[in-house]
Amino acid sequence: VVPACICMVHCGNVCTSMSSKSSDESAAVEQPASAAASGAASARVSAAQVDLVPATATTPPRTSDAAARNSLYENDVVPSKEAIEEIQSEGILPNPVTVVVFGASGDLAKKKIYPVLWNLFRDDLIGANSPIVGYARSKLSKEDLISKIKPYIKAGNATEKLAQFFARLSFVAGSYDQMEDFVNLNSHLEAEESATGVHNRVFYLALPPTVFESTTKNIKTCCMSAAGWNRVIVEKPFGRDLDSSNALSRHLASIFTEDQIYRIDHYLGKEMVQNLLVLRFANRIFTPLWNRDNIASVQIVFKEPFGTQGRGGYFDEFGIIRDVMQNHLLQILCLVAMERPPTSDADDIRLEKVKVLKSVQPIELKDLVLGQYVASNIPGNAESTQGYLDDPTVPKGSKTPTFATGVFYVRNERWDGVPFVLKCGKALNDRKAEIRVQFKDVPGPIFGDCVRNELVIRVQPQEAVYLKLLVKKPGMAFRASQTDLDLSYNSRYKDVIMPDAYERLILDVTRGSQLHFVRSDELAEAWRIFTPVLHQLDRGEVTPIPYPFGSRGPDQSDEMIRSLGYRFTKYDWITRTPGEAPVPSSH
């Protein structure tokens, strides 16, 4: 079983594993930056996003229980007493639940789902008696399953806790289309639950779409809990186009209610993506500025410095638009552009996102720049010696784009005329995801040709929010100089490492919160925007522009962005790693 999207192979762990780089996309010529690794961070935030106390911190023990828990962890943290009480007041700690992982022998399960379940179990965010049942066609023993997932679990000194976690694991082998195998699975679940008193069930479909229909039918027929709630997590891709997506949605709606379906897009679990709602709607300063009268353009960028790395065969089935732009980046566009909802309830927020999508016309080829990377032979970078078509798993002569820049317009009163540029690509010169909101020129400038203000929200790596603005240049001269107001998380929150996006999302499922999941009407509108042009690409009507491995992508992309009115400037954004000197990155 392959990961839900090719970017998951890397961006799933990007917050804790990627090198610390910083770059400013406003540069006309951009090169890979080098910055000090953020290894000084020594604490870990829980999946409930609460204040934590580092295990190594010189803080007095809050309770004997906390002191005992602290002794389990060497380079990790546990929630403080106050944090535990805060979580308990929300009714989410602990939450006994049976988790069934379909596709348990696959990469996504062993590299992501089981390690995340361990994190939640370790932090007491799922009940200690929660059964975790793997299901796959492979005939594995429980010991085989543990040996597969153990290399990806970070346990520190918590050997006793880890043993308790492994004790909760079990495995059932079976097909996805035979009802008797699901009857057997349900008997196993009932036996596990009779011993623990757990009656709620989460079914995680870490499966290829080809077996969704048979699996969900058999779950509904054989495996639903009669004594508790049932929830189903569905991984992307949610179809290939509008018709296939609608067919999947109709099928799911025929057997489950919408409040039982959790369509997971891991980007909606990232710290800075979730922060967009708070940043926009909890700060009065942005309210009068967030419109077409003040904002010149919005860019949403996703860049990876590596290619398909031998997984081109899978990637070629989808391409960069289906893999990244149609879901991850479009979700961010909705959060940037949506109106203030009446409440923070999931349905109110998702309704506003749907309204944004309804205001976007289907994208056309004239609004796209498409590219495909070729070899460039960067010294010291062995991967750069191969282009996309050199990957033996990629079909010969493939026209699948590995890079795309598209411009979208939200046709409503707030945003009419403001270009929203979505850009994503592989084998580029940097590794980052960010949002760039560039404001219009100052009217009647008295300090010459002033550069524009720009709000940058760095999603990954090195999460940050910084505002580029002008101040008087220090010294005798009386002229404007560009600087920034910088909230860098690894400096301001230096004792915090963000939880994995999947931790937040799986915890949300156990809580019954659908705030960060995709609703069926939202999914339909997203496919409506992209399906016509995707069909043209599928027919091979467009040949992508070659671009060198390690470059910014095709030159035509920057040319199009300039033509939309975006002003490129040269700027140093200084990364601030705790305990080390600031490191400027010039671009």
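Would you rank Ser147, Ser488 by solvent-accessible area, highest first, keeping every protein chain in place and using a 1.4 Å probe? List each step's numbers first, then the result.
On the way: Ser147 75, Ser488 10 Å².
Sorted by accessible area, descending: Ser147, Ser488.
Using only protein heavy atoms and a 1.4 Å probe, report how much of Glu525 is accessible, in Å² to the nearest 10.
Near enough 30 Å² of accessible area.
Given R₀ = 25 Å, what would the calculated FRET efficiency be for Glu339 paired with Leu487, taking r from the Cβ atoms and rounding to 0.05? Provide the component values of the computation, followed by the final result.
Numbers: r = 25 Å, r/R0 = 1.00.
Given R0 = 25 Å and the Cβ-Cβ separation, E is 0.50.
Quick one: check the C-alpha center-to-center distance for region 507-524 versus region 427-476, whole angstrom.
33
Go through region 506-515 residue by residue and turn each phi into a ³J(HN,Hα) via Karplus (6.51, -1.76, 1.60, θ = phi - 60°); whole Hz please, and just put x for glycine and proline.
Taking θ as phi minus 60°, the curve returns 5, 4, 4, 4, 5, 8, x, 9, 9, 4 Hz for region 506-515.
Run the Debye formula on the Cα coordinates of region 136-245, all scatterers equal and no solvent, and tell me log10 I(q)/I(0) at q = 0.17, 0.18 1/Å.
Results for region 136-245 at q = 0.17, 0.18 Å⁻¹ read -1.00, -1.09.
Quick check on my link table: of Lys139/Lys270; Lys396/Lys426; Lys366/Lys570; Lys161/Lys220; Lys148/Lys236; Lys217/Lys355, which ones sit more than 26 Å apart, alpha carbon to alpha carbon?
Lys139/Lys270; Lys366/Lys570; Lys161/Lys220; Lys217/Lys355
Using +1 at the Cβ of each Lys and Arg and -1 at the Cβ of each Asp and Glu in region 376-432, identify which of Gly387, Val418, Pro401 lies farthest towards the dipole's positive end.
Val418
For a protection proxy built on the mean count of beta-carbon atoms within 10 angstrom, sort 467-475, 326-334, 544-552, 246-254 highest first, please.
326-334, 544-552, 246-254, 467-475
Tell me the per residue accessible area of region 332-446 using a 1.4 Å probe; a whole number in Å² is fine.
41
Need one value: the accessible area of Ser130 in square angstrom, 1.4 angstrom probe, rounded to the nearest 10.
Rounded to the nearest 10, the figure is 0 Å².
Tell me, how many Å apart are the Cα centres for region 149-180 and for region 262-334?
32
Sorting Glu383, Glu190 by accessible area (1.4 Å probe), largest first, what list results?
The residues order as Glu190, Glu383, largest area first.
Checking the a/c ratio against 1.5 first, then a/b against b/c, what shape does the Cα gyration tensor give for region 222-341?
Verdict is oblate for region 222-341.
Which order do you get for Met179, Met325 if you rank them by accessible area with a 1.4 Å probe, largest at the top?
Greatest to least solvent exposure: Met179, Met325.
Give me the three principal axis extents of region 221-263 from the C-alpha atoms, as integers in angstrom, largest value leading.
37, 17, 17
Using a 1.4 angstrom probe and counting only protein chains, how large is the accessible area of His266 in Å², to 10?
10
Using the heavy atoms of the protein chains alone and a 1.4 angstrom probe, what is the accessible area of region 498-540 per residue in square angstrom?
Here the per-residue accessible area is 26 Å².
The values are calculated or read from the model by the stated rules, or taken from the named source; none is laboratory data. Every value quoted in this text rests on a predicted model; they were computed, and no experiment measured them. All Cβ positions, even for glycine, are placed from backbone atoms using ideal geometry, and neighbour counts span all protein chains on display. Just the protein is used for accessible areas: all its heavy atoms, side chains included, with ligands, DNA and RNA removed. Shrake-Rupley method; radii C 1.70, N 1.55, O 1.52, S 1.80 Å.
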